[in-house]
Amino acid sequence: MQQEPPGKPSHVFDRAAEWNALTAFAGRTLSHAMLGIVSGRRRMGKTYLLRALVEERGGFYFGATAGTAAESLRQFSAALADFVGSPVPFSFADWDDAVSYLFGLAVPEAAAASAHRGVPAAGRQGADASSRSGASSASGAPFLVVIDEFPYLAKVAPELPSLIQREIDRFQVERSTMRLLLCGSAMSVMGGLLASTAPLRGRAQLELVVRPFGYRAAADFWGVAAEPALAARLHAVLGGTPAYRRQFLADDVPVSLGDFDDWICRTVLSPFSPLFREARYLLAEEADIRDTALYHSVLAAVAQGNTTRGGIAGYIGRKSVDISHPLNVLEDSHLLAREADLFRAGKSQYRIVEPLINFYEAVMRPSWTRLESGQAAEVWAGSAEHFAAQVTGPHFEAMCREYVLGPGRSLLRCSLGEVGGGVVSDPKTRRQIQVDVAVVEQGSGGSRPAVALLGEAKWGTVMGIPHLERLRRARDLLVGRGMDAGHCRLVCFGAAGFSDALRAEAEGGHVSLVGLDELYGRAMPMGFVP
């Protein structure tokens, strides 16, 4: 059975899917314990979301901090004592006792007996909390427990996952109303909780990653959706991280595209702004990263356009085999993504996932000393080419792929396949055609692989007939390789606009044109034929 889920609070922006998943988990009235894992990089609003859930649903929330094993256990004990209304803090001998007691609160019979005995006078807040937990468990209603920043506890008490596994296994057989959510920002640690031979492997009923806002939601959040050119630049620098607007910048938002240059100088490039060193902190916060200089070099290589493993190794002066570990760690940390080439088996390229880190590596790090001395305006004035080529250009390509995955699915004449990019080799000209946006359906049951969409994305170039001809050539080459292109749509994604000749081709139905207005939902793609 399922309790009626509470509506998402008005102060929680977007996050409807995440809220629905959390309330569905917390509201399940099954008679056994359930475990959920919530992760996501810092500044994504995980704590904000989980606190709102506890406020709406009731339950026990504990936010861990960095500390020694003894101090962490003492803080947890005090918070739990306050929750149940104890007049004095608990003094658990170890985490084994603490975890056993916590799960005991979710046993209906024990909770009923506790509620019958009453709670000591410990202030209204503690008594209310005890009443809620006792009444909830005694009635069989779910008992929600949120342990936030769990990696801090797991670091000083590595036995914790095993202790939780023991109780979860026990209360799969015995009755329990426990709904335990473990949350953390160290992506490599949180991902490892359910991996391979980890104690909690196979025990979780929810695995939720809180991701940045998509580019459309981010534009609404920043209040710049009415000006797509500004919204795209803002997203290329800060992405969809909600904390950057309110906690970091106190709602300092560029008022128009004309204000963007001044805004970036007084915020991201200012040594007095919290955002100035944020990219460095994001890297340093990952638990598995030791040699930050090596990792910065790897990220700088990608930001400079060296997106293959060999290109990265050559840029930093290492052998390809020597950079496997840092690449894997950056992937596990959700700071780097490896994207397969849709047209060349075994080939892939790397992309920096966090826009602020890409901006730091491409624009800030090469001029760090000058920026620290307050020369933001001069540095920014000389960074136009780097910003367009290494920041907004690649970011625009990623936005276009995101568009195809969402509202742009209407461009397809068939079902959505695998979305990505790739390189098509042209043996006649001995050149390679880079396809920035592609949708491919892998063949099955004897059918041929089909290419449903081929697209080229340009940030600072007015697109014309040569771009369309390149897409046509790529389509013909793929057909020659045995792929089905009978329903393939050709799309030009242009942030700077399109030539009159290309618009004429679109009017004839030979190509679809998607600009910033179309990406942000302010217009329909030109040349669109359902």
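The values are calculated or read from the model by the stated rules, or taken from the named source; none is laboratory data. The shown structure was predicted, so the numbers you read here are calculated from the model rather than taken from an experiment. When we count neighbours, we look across all protein chains shown, and the Cβ atoms used for this are built from the backbone with ideal geometry, even at glycine.
This table checks each residue for (1) more than 30 Å from the chain's Cα centre (by Cα); (2) modelled with pLDDT under 95.
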residue: Gly446; (1), (2): yes, yes
residue: Ala452; (1), (2): no, yes
residue: Lys458; (1), (2): no, no
residue: Gly464; (1), (2): yes, no
residue: Met483; (1), (2): yes, yes
residue: Arg522; (1), (2): no, yes
residue: Gly527; (1), (2): yes, yes
Would you tally the residues in region 383-436 being over 15 Å from Gly455 (Cβ atoms) and in a strand (DSSP E or B)? 4
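When you go through Val329, Val379, Val363, Val321 one by one, which is the residue that is in contact with an Asp or Glu (Cβ under 8 Å, 6 or more places away or on another chain) and of a type outside the set (Ser, Thr, Tyr)? Explain how you work it out, then say what you get.
Numbers: Val379 fails: in contact with an Asp or Glu (Cβ under 8 Å, 6 or more places away or on another chain); Val363 fails: in contact with an Asp or Glu (Cβ under 8 Å, 6 or more places away or on another chain); Val321 fails: in contact with an Asp or Glu (Cβ under 8 Å, 6 or more places away or on another chain).
So the residue among Val329, Val379, Val363, Val321 that is in contact with an Asp or Glu (Cβ under 8 Å, 6 or more places away or on another chain) and of a type outside the set (Ser, Thr, Tyr) is Val329.
Is it the case, given these coordinates, that Gly417 is within 30 Å of Val268 (Cβ to Cβ), in the same structural domain as Arg489 (by TED's automatic domain parsing), surrounded by 15 or more Cβ atoms within 10 Å (Cβ to Cβ) and at pLDDT below 95?
Details: within 30 Å of Val268 (Cβ to Cβ): no; in the same structural domain as Arg489 (by TED's automatic domain parsing): yes; surrounded by 15 or more Cβ atoms within 10 Å (Cβ to Cβ): yes; at pLDDT below 95: yes.
Against the criterion (within 30 Å of Val268 (Cβ to Cβ), in the same structural domain as Arg489 (by TED's automatic domain parsing), surrounded by 15 or more Cβ atoms within 10 Å (Cβ to Cβ) and at pLDDT below 95), Gly417 does not qualify.
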Lone unmet requirement of (1) assigned by TED's automatic domain parsing to the domain that holds Leu412; (2) surrounded by fewer than 20 Cβ atoms within 10 Å (Cβ to Cβ); (3) in contact with a helix residue (DSSP H, G or I) (Cβ under 9 Å, 6 or more places away or on another chain) for Gln442: (3)
When you check Gly346 against the structure, is it more than 23 Å from the chain's Cα centre (by Cα), small (Gly, Ala, Ser) and exposed (fewer than 14 other Cβ atoms within 10 Å of the Cβ), yes or no? yes
Given (1) within 21 Å of Arg401 (Cβ to Cβ); (2) surrounded by 23 or more Cβ atoms within 10 Å (Cβ to Cβ); (3) modelled with pLDDT under 90, identify the lone condition not met by Ser333. (1)
Within region 233-253, restricting attention to residues that are surrounded by fewer than 22 Cβ atoms within 10 Å (Cβ to Cβ) and of a type in the set (A, V, I, L, M), which residue is nearest to Ser185 (Cα to Cα)? Ala243
Pairs, please: C-beta under 8 Å, at least 6 apart or cross-chain, first residue β-branched (Val, Ile, Thr) and in region 50-67, second buried (at least 18 other Cβ atoms within 10 Å of the Cβ) and part of a strand (DSSP E or B)? Val54/Phe60; Val54/Tyr61; Val54/Leu144; Val54/Val146
Within region 257-266, is there a residue that is in contact (Cβ under 8 Å) with a residue 40 or more places away in the chain, aliphatic (A, V, I, L, M) and in contact with a Leu (Cβ under 6 Å, 6 or more places away or on another chain)? no
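Table: residues versus (1) within 33 Å of the chain's Cα centre (by Cα); (2) on the phi < 0 side of the Ramachandran plot; (3) assigned to a helix (DSSP H, G or I); (4) of a type in the set (Gly, Ala, Ser).
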residue: Arg43; (1), (2), (3), (4): yes, no, no, no
residue: Phe76; (1), (2), (3), (4): yes, yes, yes, no
residue: Ala79; (1), (2), (3), (4): yes, yes, yes, yes
residue: Pro89; (1), (2), (3), (4): no, yes, no, no
residue: Phe92; (1), (2), (3), (4): no, yes, no, no
residue: Ser100; (1), (2), (3), (4): no, yes, yes, yes
Report, by residue number, each residue of region 229-242 that is in contact (Cβ under 8 Å) with a residue 60 or more places away in the chain and either assigned to a loop (DSSP other than H, G, I, E, B) or not small (Gly, Ala, Ser) (or both). Arg233, His235, Val237, Leu238, Gly239, Thr241, Pro242
Tell me which of these Gly223 doesn't satisfy, since it passes every other one: (1) out of contact with any strand residue (DSSP E or B) (no Cβ under 7 Å at 6 or more places or on another chain); (2) touching a residue at least 60 places away in the same chain (Cβ under 8 Å); (3) not charged (D, E, K, R). (2)
Consider region 172-218. How many of its residues are modelled with pLDDT under 95 and part of a helix (DSSP H, G or I)? 8
Which residue, of Leu502, Leu516, Leu477, is crowded, with 20+ Cβ neighbours inside 10 Å, on the phi < 0 side of the Ramachandran plot and in contact (Cβ under 8 Å) with a residue 40 or more places away in the chain? Leu516
